[in-house]
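The values are calculated or read from the model by the stated rules, or taken from the named source; none is laboratory data. As the structure is a prediction and not an experimental result, all values here were calculated from the model. In this analysis, Cβ positions are derived from the backbone assuming ideal geometry, glycine residues included, and neighbour counts consider all displayed protein chains. Surface areas here come from the heavy atoms of the whole protein model, side chains and all, with no ligands, DNA or RNA. Shrake-Rupley method; radii C 1.70, N 1.55, O 1.52, S 1.80 Å.
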Amino acid sequence: MKFEHVLLGLLTRRPYSGYDLRKWLETEGQFLWARAHHSQIYRKLGQMEADGWVRHEVDAREGRPDAKVYRLTPRGHEVLLEWVRSPYEPPSRFQEIDFIARFSIAGPLDHEAAVRLVETELDHRRRQIAENRGRDRTLTYEDPVPGLDRELDLQIHNALHRVGAAAMDRWVAWLEETLRSLTEGSPVR
């Protein structure tokens, strides 16, 4: 996933200035893109405008600097839909930004793409669970460093496994519920 896809997705909702995009990303959008710096936002908007994906209008503001307000162009909409409909390759870690951003953007734009996305993620996570849940988690020690507390190491190892397994189970349950909602027409929770 690229940052421009997130910006294009936001511009499907309404026109934004670069400043307003940054504010949104710092609050509501903090799970879509981590730590977007204002220079990164303005650089991407400039590049996207040069590519014909967005255009801007100047919003004159009394007593403050004028603002460039960006809108999605038909070409930008096409580019965004191409990304929304492109194949999704789940990463090894679940709840990654690519899935979250794609689902956030794809759902309102292309229902069938959203269903395929959730199905792909769900199938991948179910395979991960089947392949890994019962694996041997024995820790092997060969010449450990002095002072390594093996008992505490094992406790921490097992505690992290339990919390990771529980988080994966909650993620899969959410995916299943979301898929049911998308296919049965009930509200997504």
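Every residue in segment 130-189 that is assigned to a helix (DSSP H, G or I) and among the β-branched types (Val, Ile, Thr), please. So that I can check it myself, show each step before the final result.
So the first thing to find is which residues in segment 130-189 are assigned to a helix (DSSP H, G or I), and the list is 130-132, 150-184.
Selection gives Ile156, Val163, Val172, Thr178, Thr183.
Go through segment 38-117 and tell me which helices (runs of 4 or more DSSP H), entirely inside it, have 1 or more residues that are open to solvent by less than 50 Å² (accessible area, probe 1.4 Å) and in contact with a strand residue (DSSP E or B) (Cβ under 9 Å, 6 or more places away or on another chain). Show your work before the answer.
Values: elements: 38-50, 74-85, 97-109.
The qualifying helices (runs of 4 or more DSSP H) are 38-50, 74-85.
Within segment 146-189, track down each residue that is more than 30 Å from Thr120 (Cβ to Cβ), open to solvent by 50 Å² or more (accessible area, probe 1.4 Å) and not charged (D, E, K, R).
Pro146, Gly147, Leu148, Leu152, Leu154, Gln155, Ile156, His157
Return yes or no: is Leu148 over 29 Å from Val6 (Cβ atoms) and among the hydrophobic types (A, V, I, L, M, F, W, C)? Give the derivation first.
Values: over 29 Å from Val6 (Cβ atoms): yes; among the hydrophobic types (A, V, I, L, M, F, W, C): yes.
For Leu148, the condition - over 29 Å from Val6 (Cβ atoms) and among the hydrophobic types (A, V, I, L, M, F, W, C) - is met.
Hey, does segment 22-33 have a residue that's open to solvent by less than 40 Å² (accessible area, probe 1.4 Å) and in contact with a His (Cβ under 9 Å, 6 or more places away or on another chain)?
no
Take the residues in segment 118-145 that are of a type in the set (Asp, Glu) and open to solvent by 50 Å² or more (accessible area, probe 1.4 Å); name whichever of them is nearest to the chain's Cα centre (by Cα). Talk me through it step by step, then tell me what you get.
Of all residues in segment 118-145, those of a type in the set (Asp, Glu) come to 119, 121, 123, 131, 136, 142-143.
Checking which are open to solvent by 50 Å² or more (accessible area, probe 1.4 Å) leaves us with 119, 123, 131, 136, 142-143.
Values: Glu119: 16, Asp123: 18, Glu131: 25, Asp136: 31, Glu142: 40, Asp143: 41 Å.
Going through the qualifying residues, I end up with Glu119.
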